[in-house]
1. Hey, got a sec? Which GluC sites (Glu not before Pro) in segment B:27-77 land in a DSSP loop and have at most 15 other Cβ atoms within 10 Å?
2. Once you've got the GNM for chain B with C-alpha springs shorter than 10 Å, pick whichever of B:A141, B:A94, B:A40 has the biggest mean-square fluctuation.
3. When you look at the Cβ of every residue in B:170-176, what mean number of other chain Cβ atoms sits within 10 Å?
4. Normalised by the residues of chain B, what does the relative contact order come to in percent, with Cα pairs under 8 Å and at least six apart?
5. Give me the 1.4 Å probe accessible area per residue for segment A:17-56, excluding ligands and nucleic acids, in Å².
6. Which lysines, on any chain, are close to B:K167 with Cα under 18 Å apart, when same-chain ones fewer than 8 places away are left out?
7. Residue-wise, which Karplus ³J(HN,Hα) couplings in Hz belong to segment B:54-69, taking 6.51 cos²θ - 1.76 cosθ + 1.60, θ = phi - 60°, and x for glycine or proline?
8. Averaged per residue, what accessible area in Å² does segment B:76-160 show with a 1.4 Å probe, protein chains only?
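The values are calculated or read from the model by the stated rules, or taken from the named source; none is laboratory data. Predicted model only: the values in this text are computed from it and were never measured. Cβ placement follows ideal geometry from the backbone for every residue including glycine, while neighbour counts extend to all protein chains displayed. Remember, those area values only see protein heavy atoms, side chains included, never the ligands or the DNA or RNA. Shrake-Rupley method; radii C 1.70, N 1.55, O 1.52, S 1.80 Å.
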Amino acid sequence: MTTLEQSKKEEKLDLLLTTESKQRLQQAATLAGLDLSAFALAAALEKADALLTEQDTRVLSRKQAEQFLSLLDTQEPTEALLNATKRYRSSTND
Amino acid sequence: MTETEPTPSKIAFQKLSASDDRSQFDCGNLELNEYLKKYARQNQDLSLGITYTAKREHEQTILGFYTLSSGQILFQDVPKELTKRLPRYPLPIARIGRLARDLSTKGTGMGELLLMDAFQRVLNVSEAMGIYGIEVVAKDAGAKRFYERYGFQELLDDPLHLFLSLKAIRNAFVSP
Ligand SMILES: CC(C)(COP(=O)(O)OP(=O)(O)OC[C@H]1O[C@@H](n2cnc3c(N)ncnc32)[C@H](O)[C@@H]1OP(=O)(O)O)[C@@H](O)C(=O)NCCC(=O)NCCS
């Protein structure tokens, strides 16, 4: 998912950092064979993608998966749900 | 049982907008109040979830809100044969995030109306998006009892994590 941005770069991100942090980033960038800003961007995007995926993805165990699938087959609404849909209809203008 | 009871004003649900006054909203939970005031718009702008509000028709006061987002379910250690039989995998789901009503509406069934509006919205897009279930993470045991009334069931080993099938919701909404 993480791709180095191919399209035109029009935005700028300024950040303040310590000399020590910058040296570490520079070392790692050299190891990766990238210039510092390309490296920092790729690393930040990778972290961002991981977080965004995590917040919208739920991983279920095998037992949970089986339970989840059978749960999705429930057809019958509860009495409370049936009554609530009727009240919703009369309380709103669709 | 008088013959002409005044018809109570209708409730209108709308997407949260920049001009909404969120400063007065109080559901009794600081975190949820703060969410509405500070983060709901930001999340909406970043496509992380859409917030809908409930107001009485022609009035501005926010009586309640909820957030809808989309998500997906992945299975760990499940054989390929099983996931291949699924219409889509990872399985798309809808998620009801924060749901809360203003304390002034207590006892009027506002929480229920908010939940029904969320259901209606998910139903409207469910086929196009292949959504088969709705997820909610209950804040506490009380919220959980509220959701369970409408058929939400807890996931094994994860008691505040609740799911409801869209089939049950659809059947409820099509019934006369
Ligand atoms: C949870 C919440 C949304 C419920 O809304 P509400 O407006 O109080 O509930 P409603 O009036 O619509 O109640 C619908 C039904 O659920 C029941 N119910 C509501 N809260 C309940 C609870 N904590 N435990 C058991 N039942 C509950 C009501 O008794 C009512 O049943 P009835 O019609 O037989 O009397 C509301 O309490 C709230 O906003 N709380 C603060 C925020 C919060 O905790 N949100 C949970 C987010 S996960």
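1. On the way: sites: B:E31, B:E34, B:E57, B:E59; in loops: B:E57, B:E59.
In loop regions of segment B:27-77 (DSSP not H, G, I, E or B), the sparsely surrounded GluC sites (Glu not before Pro) are B:E57, B:E59.
2. B:A141
3. 5
4. Values: 239 pairs, mean separation 29.8, N = 176.
Here the relative contact order equals 17 percent.
5. On the way: 2950 Å² over 40 residues.
So segment A:17-56 comes to 74 Å² accessible per residue, rounded to a whole number.
6. B:K167 reaches A:K86.
7. 10, 9, 6, 3, 6, 10, 9, 5, 7, 9, x, 8, 8, 10, 10, 9
8. Per residue, segment B:76-160 has an accessible area of 51 Å².
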